[in-house]
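The values are calculated or read from the model by the stated rules, or taken from the named source; none is laboratory data. All figures in this text were calculated on a predicted structure; none of them were measured in a lab. We place every Cβ from the backbone using ideal geometry, glycine too, and count neighbours over all the protein chains shown. With ligands, DNA and RNA removed, areas are computed over all heavy atoms of the protein, side chains included. Shrake-Rupley method; radii C 1.70, N 1.55, O 1.52, S 1.80 Å.
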Amino acid sequence: MPAGVTAMMVATGDSIYHARNCKNCHGADASGAKNGPSLKGPTFLHIDGSYNSIISIITTGVPGAKIKDANHTIPMRAYGGGTAPMINDDQVKMVAAYVYSLSHK
């Protein structure tokens, strides 16, 4: 795990992922779904897979015009935006820790 990331962050990030919009697009098991690619790595479409890049993409999102996979056309909203409340910066770090743990087993 990256410096500063704890098992508690990963567990809380797992809970947030499954309670918010993340699972709706990326799948309950993060293997990808109709609206979003797999988060299990080892490669990613828009980032290098580092913890900091995961934080960055959750924070900024991916606009529709920048999506690199024609199979996934719905933009990723910043901070988990959408019908559910957006997550805060601490929650972003926890979700990023969870996603990082999926791709770095």
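Here is how the numbers come out for the structure above:
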| quantity | calculated |
| --- | --- |
| Qualifying residue in the range 9-26 (condition: free of Cβ contacts under 8 Å to residues at least 40 places away in the same chain and of a type in the set (Val, Ile, Thr)) | no |
| Whichever residue in the range 1-40 is among the polar types (S, T, N, Q) and not in a loop (DSSP other than H, G, I, E, B) and, among such residues, is surrounded by the fewest Cβ atoms within 10 Å (Cβ to Cβ) | SER15 |
| Positions within the range 9-52 being within 11 Å of VAL99 (Cα to Cα), among the hydroxyl-bearing types (Ser, Thr, Tyr) and out of contact with any Ser or Thr (no Cβ under 8 Å at 6 or more places or on another chain), in sequence order | TYR17, SER50, TYR51 |
| Pick from the range 68-79, criterion open to solvent by 40 Å² or more (accessible area, probe 1.4 Å) and not in a helix (DSSP H, G or I), ranking: modelled with the lowest pLDDT | THR73 |
| Criterion violated by THR43 - all others in (1) assigned to a loop (DSSP other than H, G, I, E, B); (2) closer than 16 Å to GLY13 by Cβ; (3) open to solvent by 80 Å² or more (accessible area, probe 1.4 Å) satisfied | (2) |
